[in-house]
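The values are calculated or read from the model by the stated rules, or taken from the named source; none is laboratory data. None of the values given here were measured: they were computed from a predicted structure. Note that each Cβ is placed from the backbone with ideal geometry, even for glycine, and that neighbours are counted across all protein chains shown. Note: accessible area is taken over every heavy atom of the protein model, side chains too, but ligands, DNA and RNA are not part of it. Shrake-Rupley method; radii C 1.70, N 1.55, O 1.52, S 1.80 Å.
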Amino acid sequence: MAHAKRRAPELKPVDYSTTFGEFIGIGPNGNLFVDGCDVQELAEKYGTPLYIISENQLRQNYRAFRDAFQKVYPDTEILFANKSNNGLAIRHIMNQEGAGGDCFGAQEMYMALLAGTNPKSLVLNGSNKQDEELEMAIANGLCINIDAMDELDRIVEIADRLDCTVDIGIRLKLDLEPLRNRMGVAMHGPGTLKQQSDSTKWGMSREQTVEIVNRAKAMPRINLKETHFHLSRMSNDPSDFAVMAREMITWSGYIRDNTGWTPPCIDIGGGWTFGKWYGTGPNSQLDGPNAPKPEDYANLCAAAIKDEAEKLGLPLPKLRVEPGRALSGPAGVAVGKVGAIKTGTSKKWVNLDISTNHLSWAAVLDWYYHSVPVKNAGAEPTETVDLVGPLCNSDEIGPHRNMPVLSRGDFVAFLDAGGYTESSAARYNAQLLPATVLVSGGTTEVITEREQLKDVAGRFRVPPRLLAGSFAP
């Protein structure tokens, strides 16, 4: 007997004295809270470094994007970018919410399938797909977005062997001429938005796209399903995303005119941001209170798609959107414990047991991750310190942070750390990867076990000849 699908819960934001999110803020005792749980108690119970994910905040973030786009463009499907947080429990939450998924590589695809995600709501992206991931995608019915000229033949060869049909899309190399003089975010390298896009490995030219479509039309095992593009987090201006969305339709017209096929679906990727009243870190020019909201992206992109489709006489396509950081980021908090505190002639360093291994973006974006003390989280800052980790490099997690006086044993939290933290965590200096705790109301559950030394050492092998050289008589 089939099990009934669990209904996604109703959400009731928490009334905090100071709000960092609908379910993250300063609680009744003055400490940082995630939903109904005191982060001080969580850090003491589960240890640090620690990732904490608010289940309800994650659901809230997803619904904000879904509702904003479906209000103005009803035929919209949200595909969660699994790479931003690939925990199995996270994928189950997204399944319950009705989200599809963007997968890179066999491992992300396997995790999504293991969680029971509907394969027809998953897409496989990647510029150098291996045979094993193509076979996994074909066998399970995913849509594969082609990003190399020989990929179609490889897909057909596997489909013939497995005796099945395959849904495919094509990742485009958009021209983006209107963005020629629009500057991009520094984290994506130098140049304008167009220069940044042109310099990346992704996408097929107009001529290549037409060739792929014409060849695919003659292949009985191939179902042409969509075109795809990902602007990435190059811009926080929603009008730049609208330019991209419009050009997706422009290319649909070009493809129709040169192949007779009109893409029934366009996937306009991710790169969507979120804003906070406190910013996502000091001196943040991107993610402050004026950052675009889901409604801003939805309204401008939907209007551009509709306008261009009308101009070209095209039917409105299905729309797919792939938010990642915008959903997972604000749902997470990372916590470290204060150790040694050192004062120099011009600086004060507060050492923590959390590092840039665990908050990798902090290593390249010194303004990233707003930091607050866990106990008495609203305390007025009285000094400027560098928050640093224990690694053998400078390991600056939060340089020049205004904080209240901290003491050994205190906990410091980094907000909006739910995206691209656990999924990109490193083991430099043989550090153990942190545990992750999921919070829902007053319930806490470990969803990622803390690594042990055996997990790190167990990966290594010593050849017998080296053992003999060290230990043999």
Practice prompt. Answer yes or no as to whether P220 is in a loop (DSSP other than H, G, I, E, B), under 29 Å from the mean Cα position of the chain (by Cα) and not polar (S, T, N, Q).
Written response: no
Worksheet item: What helices (runs of 4 or more DSSP H) completely inside segment 1-112 contain at least 3 residues that are within 26 Å of T280 (Cα to Cα) and either among the charged types (D, E, K, R) or at pLDDT below 95 (or both)?
Response: 55-72
Practice prompt. Kindly provide the set of residues from segment 324-356 that are open to solvent by 10 Å² or more (accessible area, probe 1.4 Å), in contact with a helix residue (DSSP H, G or I) (Cβ under 6 Å, 6 or more places away or on another chain) and outside any helix (DSSP H, G or I), ordered by number.
Written response: T356
Practice prompt. Assess whether G116 counts as being at pLDDT below 95 and either closer than 16 Å to A137 by Cβ or surrounded by fewer than 22 Cβ atoms within 10 Å (Cβ to Cβ) (or both).
Written response: no
Discussion item. Looking only at residues that are open to solvent by less than 10 Å² (accessible area, probe 1.4 Å), assigned to a loop (DSSP other than H, G, I, E, B) and of a type outside the set (G, A, S) in segment 235-280, which one is farthest from K306 (Cα to Cα)?
Written reply: T280
Item to complete: Output yes when any residue across segment 9-21 is free of Cβ contacts under 8 Å to residues at least 12 places away in the same chain, under 13 Å from G441 (Cβ atoms), open to solvent by 50 Å² or more (accessible area, probe 1.4 Å) and out of contact with any strand residue (DSSP E or B) (no Cβ under 7 Å at 6 or more places or on another chain), and no when none is.
Response: yes
Worksheet entry | Members of segment 309-323 found to be part of a helix (DSSP H, G or I) and open to solvent by less than 20 Å² (accessible area, probe 1.4 Å), listed by number | A309
Practice prompt. Filter segment 393-448 down to residues that are part of a loop (DSSP other than H, G, I, E, B) and of a type in the set (A, V, I, L, M) and give me whichever is farthest from L58 (Cα to Cα).
Written response: V405
Worksheet item: What about K194, is it open to solvent by 10 Å² or more (accessible area, probe 1.4 Å) and outside any helix (DSSP H, G or I)?
Response: no
Worksheet item: Looking at D153, D147, D160, D167, which one is open to solvent by 70 Å² or more (accessible area, probe 1.4 Å) and without any contact (Cβ under 8 Å) to a residue 60 or more places away in the chain?
Response: D153
Worksheet item: Among the listed residues D386, D353, D296, which satisfies the condition of being at pLDDT 95 or above and within 22 Å of R450 (Cβ to Cβ)?
Response: D353
